[in-house]
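Notes to accompany the following structure.
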Amino acid sequence: MVARTYARQAASATRTRIFTPSERGELSTIIIHPRNPTPPKSSTQPQTPLGKSLKADQKITVSDALTEFDKMLQLQPRPPMASFNTLLGTVAKAKRYQDLILMINRMPEVNLLPDYIGMNILLNCYCELKRVGLGFSVMGGILKRGYNPNIVTFTALIKGLCMEDKIGDALGLLKKIIRMGFHPNVKTWGTLVNGLCRTGNAEVALRLHEEMKNGNVGLDLRFNPSLIYYSSLIDGLCKEGLVEKGKELFLEMEGRGISADVVAYGALIHGLCRMGEWEQAKELFIQMIDRGIRPNVVTFNILMDSLCKEGKTDEASGMLELMIRRGEKPDSITFNTLIDGYCLEGRIDDAKELFVSMAAKGHERDVASYNVLINGYCKCRKLKEAMSLFREMLCKGYKPTVITFNILLTGLFQEGKVEDVRELYSQMKDHDLTPDSATYSILLDGFCKNDCLVEAIELFETLEKSGYKLNSLNCNCLLDGLCKAGKLDLASELFERFPEMGVAPTNFTYSIMINGFCKDRQLEKANNMFVEMENKGCAPDVATFNTLMRGFCDNNDAPKVVELLQKMADRNFLPDSFTATIVVDLLSKDKSYSKYLKLIPKFPDMA
DNA sequence: ATAGGGTTAG
């Protein structure tokens with residue numbers, strides 16, 4: 001009740017603005033309201049569950065669970081299996097999957113086998129670790145032991161398949177189990193929707209949602225979406241730029257009587273911020289407070305990150321003070337976001353200062369703090385500082401990640417230090433790190449751009465032979481390198497092999513080829529590529545148009561440029577600054593070209 | 001007793 005009153009005051013007085021520094025003072029007096037008093041934590045530890053069945057609502061820490069599990073394994077008579085399962089569940093919820101596997105492996109040593117619940121926990125653990133194959137073997141074990149997989153088992157497997165980008169398999173499995181008579185529940189649908197959204201298939205998720213709403217899935221189930229289900233979908237839609245759809249879903253959800261929480265608001269606010277819709281984001285933020293929903297550290301992190309991306313790091317920094325005054329504890333993400341903001345503004349000294357002071361203020365740094373600052377040094381071409389920071393993190397016992405290496409490799413390539421790249425790359429295995437697809441893209445791109453085309457080709461071939469599944473970005477890097485080196489024959493050869501490599505050419509792939517052919521004065525082939533991509537259902541975007549028009553412009557084919565401009569206008573494409581440059585070039589080439597001026601189409605929203 | 005959601009670094 002008290003919170004609501006404060007919230008209403010906050011909302012009515014904050015109607016103005018939230019995000020600029022001048023308004024910060026005003027805001028701080030408005031939004032800061034006392035935390036709801038929380039009763040001091042009871043100092044009594046939870047009763048140990050020895051011998052007794054654990055209560056579900058009993059909160060125990062992971063380390064307690066681990067020691068308790070050890071004790072229980074030795075106990076005679078044996079505690080009920082449900083107690084073991086609770087401890088396994090605690091460790092699984094904390095995402096301590098390696099510990100979980102160790103726990104389960106120790107059970108047979110005392111002649112105890114996990115029951116089907118324990119096996120479901122293990123199966124889910126493998127799925128979380130992106131080892132869906134092992135997940136399926138656990139299901140084999142479930143069957144072998146005479147248990148039956150249930151909808152929980154299948155939901156975990158669907159998640160596992162989605163995590164490995166096997167959306168088709170996930171949908172296939174779902175269809176299969178429905179045919180077998182299993183009933184997907186709201187968690188199954190939520191998992192699928194989330195999996196679809198995470199793999200860039202939010203539109204598929206939305207279509208699925210519409211069909212479910214209309215009862216077209218051929219199930220006799222009542223479609224009963226939850227807050228979490230809607231949050232996943234809203235977030236997924238927003239992440240793909242479909243913020244309008246996100247807003248619709250938000251309203252639809254509330255229309256069903258499901259009230260948004262801090263998470264649902266966060267997802268939508270983030271989406272609006274990303275689109276630069278600050279007014280609407282602000283409105284939602286106020287609405288949220290108005291309804292008594294307290295913004296948490298994540299909400300603040302979203303707002304601060306958005307401010308940083310807009311180049312308003314000082315304002316983001318003001319938000320940090322605001323959240324501290326509100327009693328909301330910033331976390332390492334808060335600080336890393338700010339440090340990155342300073343780096344983005346080129347204020348590397350401010351970044352370093354915050355990096356130093358966060359530790360002094362008792363906020364622990366993590367690997368990401370180092371990654372952000374190392375990246376900042378690389379971006380302002382201070383490789384020496386970046387490398388010394390890297391050495392510092394190693395000395396202090398921080399374990400570098402693949403991202404650390406990717407940042408440094410990018411920085412080294414940018415400075416043309418190919419020898420250092422080779423050295424650093426070879427160090428990755430010493431740190432037990434496996435290069436990821438981004439690493440390979442960096443290497444392929446870097447070798448190409450540093451006159452080591454042969455090395456790029458060799459790496460590509462090694463990867464192919466090793467069974468590593470190259471993605472379209474990897475292929476595009478080499479493709480671009482081949483084109484830029486004038487090896488159009490080799491590029492074409494690689495392009496033709498995309499299908500057999502199981503790689504779908506993207507818009508970017510076609511642009512690379514079009515650009516390559518244009519620069520090689522093979523305008524007809526460039527144009528054929530353009531036609532081919534349209535036929536293949538890969539819609540050209542403004543960048544593709546620009547690439548082809550630049551080619552025709554450089555080859556003094558004004559009519560063709562005008563034709564393409566017309567095509568753009570017909571499709572309601574907005575020209576960008578590159579388009580403008582092409583038009584200017586076209587008109588300035590020759591007096592006679594000015595006759596094309598009147599032929600240049602009117603674009604929507606253009607003066 | 002088991003399964004699903006939103007934030008940061010390339």
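The values are calculated or read from the model by the stated rules, or taken from the named source; none is laboratory data. In this text, all values refer to a predicted model and were calculated from it rather than measured experimentally. All Cβ positions, even for glycine, are placed from backbone atoms using ideal geometry, and neighbour counts span all protein chains on display. Keep in mind that these areas ignore ligands, DNA and RNA; they rest on the heavy atoms of the full protein, side chains included. Shrake-Rupley method; radii C 1.70, N 1.55, O 1.52, S 1.80 Å.
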Exercise. Which of A:358, A:400, A:370 sits closest to the plus end of the dipole of the stretch A:331-424, meaning its Cα is farthest towards the positive end, when Lys and Arg get +1 and Asp and Glu get -1 on the C-beta?
Worked result: A:400
Exercise. Roughly to the nearest percent, how much of the accessible area of chain A is carbon and sulfur, given a 1.4 Å probe?
Worked result: 54
Exercise. Hey, what angle do you get for helix A:151-163 against the long axis of chain A, alpha-carbon based, 0 to 90 degrees rounded to 10?
Worked result: 30
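Placing unit charges on C-beta atoms (Lys and Arg positive, Asp and Glu negative, everything else neutral), compute the dipole magnitude of chain A about its Cα centre in debye, rounded to 20.
Working: 76 positive and 75 negative charges, 365 e Å.
Approximately 1760 debye in magnitude.
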For this session: Note the angle between two axes, namely the Cα long axis of helix A:453-465 and the longest principal axis of the Cα atoms of chain A, as a number of degrees from 0 to 90, rounded to the nearest 10.
Result: 40
Problem set entry | Full-stretch length increase - residue A:599, residue A:107 - with 0.36 nm per residue and alpha-carbon distance subtracted | 169.2 nm
Exercise. Separation between the residue A:522 and residue A:252 pseudo-spin-labels, each 7 Å from Cα along Cα→Cβ, expressed in nm?
Worked result: 4.7
For this session: Leaving out ligands and nucleic acids, note down the accessible area per residue over chain A with a 1.4 angstrom probe, in whole Å².
Result: 51
Seminar exercise, completed: Applying the gyration tensor rule to the Cα atoms of the stretch A:270-366 (axes a ≥ b ≥ c; rounded if a/c under 1.5, else prolate if a/b exceeds b/c, else oblate), the class is oblate
Problem set entry | Phi-based couplings in Hz for the stretch A:98-113 (Karplus 6.51, -1.76, 1.60; Gly and Pro marked x) | 5, 4, 4, 4, 4, 4, 5, 5, 7, 4, x, 4, 10, 6, 10, 10
For this session: May I ask for the angle, rounded to the nearest 10°, between helix A:577-588 and the longest principal axis of chain A, with both axes built from Cα atoms and the value confined to 0 to 90°?
Result: 0
Seminar exercise, completed: Calc'd 3J(HN,Hα), the stretch A:236-249, phi into Karplus 6.51 cos²θ - 1.76 cosθ + 1.60 (θ = phi - 60°), Hz, glycine/Pro = x, comes to x, 4, 4, 5, 9, x, 8, 5, 4, 4, x, 5, 4, 4
